[in-house]
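Novice: Below is the structure I would like to discuss, written out as C-alpha cells.
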Amino acid sequence: MKQLQEAVLLSIVIIIVLGTFSQWLAWRIQWPSIVIMSVVGLLIGPVLQLINPEAALGELYNPLISLAVAVILFEGSSSLNFREIKDISKSVFRVVTLGALLAWVGGSLAAHYIAGLSMPVAFVIGGLFIVTGPTVIIPLLRQAKLKQRVATILKWEGTIIDPAGPLIALLAYQILKVVTNEQIQGSYLLNFFGGALLAIIIGLVIGLLTSHMANKGLFPEFLKSPIIMSFVLLCFSLGELIMQETGMLAVTVMGLTVAVTKKYIASIANVTHFAENISVILTSTVFVLLTASLTRETIMDMFTLPILGFVLVMLFLVRPLSIWIATIGTELKTNEKTLISWIAPRGIVALTVAGYFAGILQQDGFTDASILMTLTFALVFITVCVHGFTLAPLAKKLNLASTEEGGTATVLADYLQSSDIPVLLADSVLDRLIPAQNNKGIDVFNGDILYEHTRMEIDLAPYDNILIMTDDSAYNALIGQSFAPEFGYHNTFVLPADKMNRDISPAIKGHILFDEGMTLSALNEKLAADYSLKTITMEEKQTVKKQQFAEKENGLLLFIRKKNAGVTFITASTRNLQIEQGDQAVFLITEND
C-alpha cells in the first residue's frame, strides 16, 4: 500500500513539474504552449508508457480534472471585461448563438457523413465539438498578441461556449432518449431545462454572496483567495449534484457575476491575479494528464481516413461557414472575420466530456460511440497544433497583430527617447522590460524602485519627471510619497490603474495624467486596438483650452513637446495651454480618424 501511495504521489508531482516545464519551454522557444503540453503528455503516456495517470489516480482521476476545469472556467469568466464588448457586442452575441448553432449542425453532419457515426451519436457529439474554451484560447492569445477586437471575441466565445457545449450535447442526448424510447415522455426534457436553470441560479447566488461578503469585509485579506476558491468548488459541486455537466454552467455564471461586481469592489479584483496563477498551473497539468492517459490504439486510430477527413471538414468548412454566416451585417471587417473563422482549437472540456458520452451511448446500444475518444482527440490535437502555429503569422498577414509592445509605459518611453529626452523604464517584472530594451533600445532597470539599494544603483539626475503607472494603486501611492520630494510635487505624475482607484491618486500630491476618467487599463486597451500617437507642430503662439484643442483633433492630448526640449504633461486639472510656435502637441488618436 505504501509503495502504491508513493507511486501515485510521484506521478502527480512529475505531471505538475512537466506541465510547468512545458509552459517555460514554450516561452523560451516561442512555440504554442498547448502544443508542447500535448507532446509531453503523449511521450510520457502512450509513447514511452512511463506513467498512466488514469490508472494511478483511479476513481480520483475524473473528479480532480473536473475541479481543475471548474477553477479554470471561473478564472476565464471572472476576468472578462464587459467594457471590451462595448463596440462589438453584436458580433459576440451572434458568434455565441447563431455561430454555435451552425457549428452544432455542421459538426453533426460532418460526424455522420464523413466520420461514419450514426445520426443520433453524431447529433450528440456535434454539440460537444462547438467548444473552444479558455484552456486553449487564453494561451494562444497570450502568445499571439492580437489586436483587441479579435482577441476579445475569441476570448468571450471560448469562455461562454465552454459550458454551453456539454449542455447542448446533454440536451441532444435527452432528446435522443425521448425519440428512441417510447416509455419516456416529452416532459422528461423539462428536467434538463429545470436543472440548467437551477445551476444558473446557484451560480448567480454564490457570485452575489461572494461579492457581498468581500464588500462588507466579512473575511480577512489573507483568506480572501482561499475562501473564493472554496466557493468556486462548492458552486461546481452543487451544479453537478443537480445534473451531470451543469457544474461548468454554474461556475461560469458565478464568474460572470464576479466580473460585473469587481468593477465596483476593488478587493475582488485582486483575487483574479491569484486565480490566473492557479489557472496556468492547472491548465498545463490537466493537459499533460489527459494526453498521458490516452492509449496507443487511440493514437493510431486517429490516422484513419474518415477521422482525418472529419477534422479537415471541421477546419476548412464547418468553422468558416458558421462564423461568416453568423457575422453577416455585424461591425467586423473582412480580415477580422477571416481570422476568427479559422481559429477554433478544442481543449480540455472536449476531451473530458467525450469520455462520459462515449460510455453512456455505448450502454444504450450505440456501438459506434466507441470511436468518440479517438475522434475527439484527433480534433483536439490537430486543431491545437494547426491553430497554435498559424495564429500569430496569420494575424500579422491580416494586420491584426498588436504593433505595440509593452503597453502604455513603453509607448511613451519610446516616443520621448526618440525626441532626445532621457528616459528610464523601471519594472520589477523582467518580461515587461525585454520588448522595450531589445526592440526599442530603451534604458531599463529591473527591480523594485522602492528598495533602499535601488537609489544607489540608479542615477536619477538626468530625469526631470517621474511617471507612475502600475496596476496596483497602493503601490503607486507609495512610489509617489517616496519620490515626490526628490522630483518635486509638480513633476510627479500618476496614471490611475482603474476608475475605482482614482481617488487615491491625489493623496500622493502628484498630478493625475492626461484626462478625467482616463486610466492605465483604458489606455492599454486603446493602444492594443487601433490607436497610435500623432504629433502636430504648432505654427503660432497661442493660448488654447485643453478640451477644445482635444476635440478639434478628435483625440486624447498627452503632452506638449516644447521647442526648448522640455515636456509639459497634460493632467486632469489642466485647463488652458500656453503654446509657443514650434511646440509639438502629441495626441492619442484612432487610425480611423
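Novice: Check off (1) surrounded by fewer than 19 Cβ atoms within 10 Å (Cβ to Cβ); (2) without any contact (Cβ under 8 Å) to a residue 60 or more places away in the chain; (3) assigned to a helix (DSSP H, G or I); (4) not hydroxyl-bearing (Ser, Thr, Tyr) for residue 335 and give me the number that stays unchecked.
Specialist: Evaluating residue 335 over (1) surrounded by fewer than 19 Cβ atoms within 10 Å (Cβ to Cβ); (2) without any contact (Cβ under 8 Å) to a residue 60 or more places away in the chain; (3) assigned to a helix (DSSP H, G or I); (4) not hydroxyl-bearing (Ser, Thr, Tyr) leaves (2) as the failure.
Novice: Is region 185-194 home to any residue that is touching a Leu at 6+ places or on another chain (Cβ under 7 Å) and either crowded, with 17+ Cβ neighbours inside 10 Å or not in a helix (DSSP H, G or I) (or both)?
Specialist: The answer is yes, given that some residue of region 185-194 is touching a Leu at 6+ places or on another chain (Cβ under 7 Å) and either crowded, with 17+ Cβ neighbours inside 10 Å or not in a helix (DSSP H, G or I) (or both).
Novice: Which residue out of 432, 455 is within 27 Å of the chain's Cα centre (by Cα), at pLDDT below 80 and in the same structural domain as residue 497 (by TED's automatic domain parsing)?
Specialist: Unique residue meeting the criteria: 432.
Novice: Assuming residue 94 fulfils every condition listed in (1) more than 23 Å from the chain's Cα centre (by Cα); (2) surrounded by 16 or more Cβ atoms within 10 Å (Cβ to Cβ); (3) in a helix (DSSP H, G or I) apart from one, which condition is it?
Specialist: Going through (1) more than 23 Å from the chain's Cα centre (by Cα); (2) surrounded by 16 or more Cβ atoms within 10 Å (Cβ to Cβ); (3) in a helix (DSSP H, G or I) one by one, residue 94 breaks only (1).
Novice: Look at residue 329 and say whether it is surrounded by fewer than 16 Cβ atoms within 10 Å (Cβ to Cβ) and not in a helix (DSSP H, G or I).
Specialist: Yes.
Novice: Which one is modelled with the lowest pLDDT, of the residues in region 133-150 that are crowded, with 24+ Cβ neighbours inside 10 Å and more than 20 Å from residue 19 (Cβ to Cβ)?
Specialist: 144
Novice: Got at least one residue in region 241-251 being buried (at least 19 other Cβ atoms within 10 Å of the Cβ), on the phi > 0 side of the Ramachandran plot and either at pLDDT 80 or above or within 27 Å of the chain's Cα centre (by Cα) (or both)?
Specialist: yes
Table: residues versus (1) assigned to a helix (DSSP H, G or I); (2) touching a residue at least 12 places away in the same chain (Cβ under 8 Å); (3) not assigned by TED's automatic domain parsing to the domain that holds residue 384.
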position: 307; (1), (2), (3): yes, yes, no
position: 312; (1), (2), (3): yes, no, no
position: 315; (1), (2), (3): yes, yes, no
position: 324; (1), (2), (3): yes, yes, no
position: 346; (1), (2), (3): no, yes, no
position: 349; (1), (2), (3): yes, yes, no
position: 354; (1), (2), (3): yes, yes, no
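Novice: Would you check if residue 178 is farther than 30 Å from residue 362 by Cβ and assigned by TED's automatic domain parsing to the domain that holds residue 138?
Specialist: No: the conditions fail for residue 178.
Novice: Select, from 358, 344, the only residue that is at pLDDT below 90 and within 29 Å of residue 148 (Cβ to Cβ).
Specialist: Answer to the selection: 344.
Novice: Condition first: in contact (Cβ under 8 Å) with a residue 40 or more places away in the chain, touching a Leu at 6+ places or on another chain (Cβ under 6 Å) and closer than 30 Å to residue 493 by Cβ. Can you find one or more residues in region 385-404 that meet it?
Specialist: yes
Novice: Pull out all pairs, ordered by first then second residue, where Cβ-Cβ is under 9 Å, the residues are six or more apart or on different chains, the first lies in region 410-422 and is closer than 17 Å to residue 458 by Cβ, and the second is surrounded by 14 or more Cβ atoms within 10 Å (Cβ to Cβ) and acidic (Asp, Glu).
Specialist: Cβ pairs passing all conditions: 413/443; 417/443; 422/443.
The values are calculated or read from the model by the stated rules, or taken from the named source; none is laboratory data. Computed from a prediction, not measured in an experiment: that's the story for all the values here. Note: ideal-geometry Cβ built from the backbone for every residue, glycine included; neighbour counts use all protein chains shown.
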